[in-house]
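Here the structure is laid out as structure tokens; the discussion comes afterwards.
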């Protein structure tokens with residue numbers, strides 16, 4: 001039967017600035033990542049064309065894959081291989097001949113023809129799979145810059161690049177794993193086949209030597225955690241610059257870790273395949289218990305493992321008694337090994353398909369384990385979806401991948417034999433035992449790092465820099481910026497060390513994030529000094545990880561007992577601390593910048609007098625800043641008086657006063673907060689204490705914002721996009737103020753510090769938590785600087801906690817204004833299920849698996865720590881910005897509920913709803929989504945970029961970047 005006519009390629013609109021042609025090696029495991037790379041380039045504004053052999057093109061079109069490649073042109077190259085697009089693709093020998101004798105001619109014609117197409121622009125770059133090395137000399141002849149693409153691990157590249165050493169020494173160099181020479185990638189098939197493949201590898205690596213520019217690797221930066229690899233390391237001094245850009249997501253973007261991020265990415269695409277997937281297996285999975293199914297697949301291009309092995313494996317799977325899904329090719333060399341009537345005998349719990357939609361299978365919550373050949377694409381997909389691996393490598397790079405899976409990452413085990421008892425034992429260990437649970441923990445850690453953490457950010461930066469290098473090229477003949485031959489002794493630029501002085505507001509909730517910022521700056525090469533009042537300096541417990549200096553406050557204090565109150569601090573900030581800071585800045589030469597908490601606004605005029613640029617630091621939500629910055633508008637609209645007190649009239653658009661019954665909603669007439677938050681004017685940040693206290697605090701805020709209005713840049717201790725769905729959240733409070741949201745994920749980039757609190761934490765509570773059931777404990781704390789909530793409220797909360805019958809941990813200050821509210825002999829009465837401490841190591845407490853809920857005042861640090869550790873919140877705001885935080889928690893993020901009363905029945909009901917009911921489960925889902933976005937997703941990448949740009953701006957002394 002003759003070959004079918006080639007389908008017409010799908011038209012792709014050509015309106016992009018640069019064109020890139022990508023040439024994959026013609027096997028499914030190479031075509032898939034190349035198509036993903038093409039979609040990622042297209043998502044960045046590049047016109048991407050994937051040029052593939054005709055026999056691959058036919059199969060992708062037949063399987064519907066062209067529809068999944070919208071945005072990328074699929075071009076067919078003549079291969080000279082007789083093929084009708086049905087059955088299995090040609091074997092290695094056939095297309096190896098085609099790659100040397102037919103495909104180069106077709107590709108050269110295509111590149112030459114495109115010199116005058118695409119609105120007059122030639123192909124800017126050719127990206128060739130290193131195994132498709134035949135394309136490298138073609139690109140050279142056409143004058144097109146060429147970059148390599150390696151679809152497997154960097155470690156595998158290192159092994160193959162070491163072929164000369166292997167020949168010379170008989171050893172494997174640079175792999176750092178216990179790998180046998182019998183596991184080398186070219187040892188496939190009989191002796192003749194092995195010799196043919198080895199010759200292919202020699203020719204491939206000889207051509208690849210000409211890739212002196214860059215090679216893109218479909219692996220994650222620092223793939224060898226603990227092994228010394230990094231994105232910047234190259235296999236040798238004469239090999240290309242390595243850019244690790246994987247794992248490449250299906251949709252081409254890098255921001256698909258959450259529903260919110262998907263809004264900004266290309267549509268999620270099914271990966272084009274050369275085989276038609278059997279979708280019925282997904283319906284079958286829907287009927288299985290979560291985590292119960294063993295998925296079995298040996299990939300698309302693995303030689304048959306033999307009838308006997310198939311038979312043993314089939315019987316071993318049957319003997320486990322567990323549900324399994326097996327993607328087993330229909331070729332006789334695979335299927336003939338099955339026992340007779342096997343499909344019927346396992347029909348109750350086993351399903352066999354010819355080809356499975358693997359990503360959908362691994363994503364499914366029923367899949368608990370993946371018995372795999374350890375192909376690199378399968379390994380990456382397992383990491384992306386957090387599925388443990390049972391490894392049975394067959395050939396090629398699979399042995400190297402297996403070694404990393406088992407020994408380096410510890411997220412799977414090797415199946416050394418397919419004997420029935422061995423399979424049963426391994427499946428039981430991985431699906432049930434402590435060993436399997438440890439593997440799942442390791443897998444989850446790796447998944448966070450690779451898919452949502454620093455490795456993801458680095459991969460995204462690498463690909464962005466690659467695309468930028470293409471786009472900024474002015475002339476077609478100009479060498480691309482990233483295409484510079486490797487210097488055997490590259491010069492390392494000396495990065496200057498800028499000195500930064502940080503000035504916090506002297507309260508624990510402001511000192512902690514300022515110290516975190518200082519450590520993050522130090523981790524980026526800055527010399528960070530935190531200047532604190534003497535009464536804070538005396539109380540700080542533990543090493544802070546940066547220089548801590550003391551400023552004279554003029555307050556008599558011995559460091560014992562509670563710190564000074566607001567009135568004393570406010571006086572010291574105006575009359576004593578400025579003198580001390582000015583002396584410090586004048587004696588320290590070369591301070592590049594002062595970063596002052598906006599509530600420590602007294603430091604701004606000091607910095608100005610000393611000629612030091614200043615930036616602000618806002619320790620809480622950006623939303624709270626917007627409210628405070630809107631004070632003039634609140635007064636003008638008649639929502640508050642000139643002294644900051646809420647009034648019951650508000651001014652209408654025609655200037656008339658309208659009487660309101662009760663408090664006004666801030667969002668009604670102001671574009672400050674979303675109206676659905678329903679924040680009352682009675683909940684404004686300065687409304688603390690009696691009327692005199694409120695007036696004093698309001699005047700403090702007026703003075704603070706007056707000084708802050710000259711700032712051109714502020715760092716905000718919140719995550720980019722703190723208010724998903726609030727279009728105003730991204731707008732700076734003024735047109736001249738640059739807002740850089742830099743928290744909280746970047747705080748973890750620096751080495752952890754010891755306890756930096758002004759109080760000694762009671763560590764015994766952690767041992768107590770160790771004895772409680774997972775998710776059973778309610779943690780209660782009202783923070784470090786909250787006015788007493790009253791003896792009656794303390795009494796009600798105490799009795800309510802006792803009445804719930806649930807274990808609780810309460811961090812309750814020892815001051816009489818707090819402790820006197822406890823019922824008599826209360827500690828003894830709840831000793832069986834409750835523990836009270838004066839101060840808790842809160843981060844460790846919230847991290848503990850026993851914690852199921854947090855009854856909190858909604859201080860911003862407490863809110864962030866709850867997000868970081870995925871803990872639901874029961875909210876009882878008291879003062880300050882806590883009402884704003886609470887509104888976001890309950891109404892915007894839906895990660896908690898508000899406790900409107902501390903009466904016994906109300907507390908019991910709320911605790912039950914949040915700890916047991918569907919409402920609480922939905923909250924947990926929401927907090928998990930938010931945690932993923934903030935700590936591991938695009939928000940983390942954006943926060944890192946913001947802080948990096950701030951430091952870079954200081955180093956370059958570019959006031960446009962740092963100070964407006």
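The values are calculated or read from the model by the stated rules, or taken from the named source; none is laboratory data. If you're wondering where the values come from, they're calculated on a predicted model, not measured in any experiment. Every residue, glycine among them, receives a Cβ derived from its backbone with ideal geometry; neighbour counts consider all protein chains shown.
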Could you tell me whether residue 104 is touching a helix residue (DSSP H, G or I) at 6+ places or on another chain (Cβ under 7 Å), within 25 Å of residue 28 (Cβ to Cβ) and modelled with pLDDT under 90?
no
From 856, 863, 902, 895, grab the single residue that is touching a residue at least 40 places away in the same chain (Cβ under 8 Å) and closer than 22 Å to residue 845 by Cα.
856
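Please return the ranges of strands (runs of 3 or more DSSP E) entirely within the range 526-598 where 2 or more residues are within 30 Å of residue 629 (Cα to Cα) and in contact with a helix residue (DSSP H, G or I) (Cβ under 9 Å, 6 or more places away or on another chain).
527-533, 591-597
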Number of the exception - residue 738 against (1) crowded, with 21+ Cβ neighbours inside 10 Å; (2) modelled with pLDDT under 90; (3) touching a strand residue (DSSP E or B) at 6+ places or on another chain (Cβ under 9 Å)
(1)
From the residues in the range 913-923 that are assigned to a helix (DSSP H, G or I) and without any contact (Cβ under 8 Å) to a residue 12 or more places away in the chain, which one is surrounded by the fewest Cβ atoms within 10 Å (Cβ to Cβ)?
918
So which residues in the range 338-357 are out of contact with any helix residue (DSSP H, G or I) (no Cβ under 6 Å at 6 or more places or on another chain) and crowded, with 23+ Cβ neighbours inside 10 Å?
none
Among (1) touching a helix residue (DSSP H, G or I) at 6+ places or on another chain (Cβ under 6 Å); (2) at pLDDT 85 or above; (3) surrounded by fewer than 21 Cβ atoms within 10 Å (Cβ to Cβ), there is one condition residue 623 misses while meeting the rest; what is its number?
(3)
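Table: residues versus (1) at pLDDT below 90; (2) touching a helix residue (DSSP H, G or I) at 6+ places or on another chain (Cβ under 6 Å); (3) not in a loop (DSSP other than H, G, I, E, B).
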site	(1), (2), (3)
384	no, yes, yes
387	no, yes, no
394	yes, no, no
400	yes, yes, yes
404	no, no, yes
407	no, no, yes
416	no, no, no
421	yes, no, yes
424	no, yes, yes
Just to be sure before I move on: is residue 263 modelled with pLDDT under 75, over 29 Å from residue 393 (Cβ atoms) and surrounded by fewer than 14 Cβ atoms within 10 Å (Cβ to Cβ) in the structure I sent?
yes
Mind counting the residues in the range 677-696 that are more than 13 Å from residue 645 (Cβ to Cβ), part of a loop (DSSP other than H, G, I, E, B) and either in contact with a strand residue (DSSP E or B) (Cβ under 9 Å, 6 or more places away or on another chain) or free of Cβ contacts under 8 Å to residues at least 60 places away in the same chain (or both)?
2
Suppose the filter is under 33 Å from the mean Cα position of the chain (by Cα) and at pLDDT 85 or above; does residue 607 pass it?
no
Here are the criteria: (1) at pLDDT below 85; (2) within 21 Å of residue 508 (Cβ to Cβ). Tell me which single one residue 550 does not satisfy.
(1)
Can you confirm whether residue 128 is under 20 Å from residue 35 (Cα atoms), part of a helix (DSSP H, G or I) and modelled with pLDDT of 85 or more?
no
If we keep just the residues of the range 764-804 that are in a loop (DSSP other than H, G, I, E, B) and closer than 16 Å to residue 836 by Cα, which is modelled with the lowest pLDDT?
784
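Could you check, for the range 498-515, whether at least one of its residues is closer than 25 Å to residue 221 by Cβ and either buried (at least 20 other Cβ atoms within 10 Å of the Cβ) or at pLDDT below 80 (or both)?
No, the conditions are met nowhere in the range 498-515.
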Elements of type helices (runs of 4 or more DSSP H) in the range 270-337, at least 2 residues being surrounded by 20 or more Cβ atoms within 10 Å (Cβ to Cβ) and at pLDDT below 90
none
Within the range 633-649, which residues are in a helix (DSSP H, G or I), without any contact (Cβ under 8 Å) to a residue 40 or more places away in the chain and in contact with a helix residue (DSSP H, G or I) (Cβ under 9 Å, 6 or more places away or on another chain)?
none
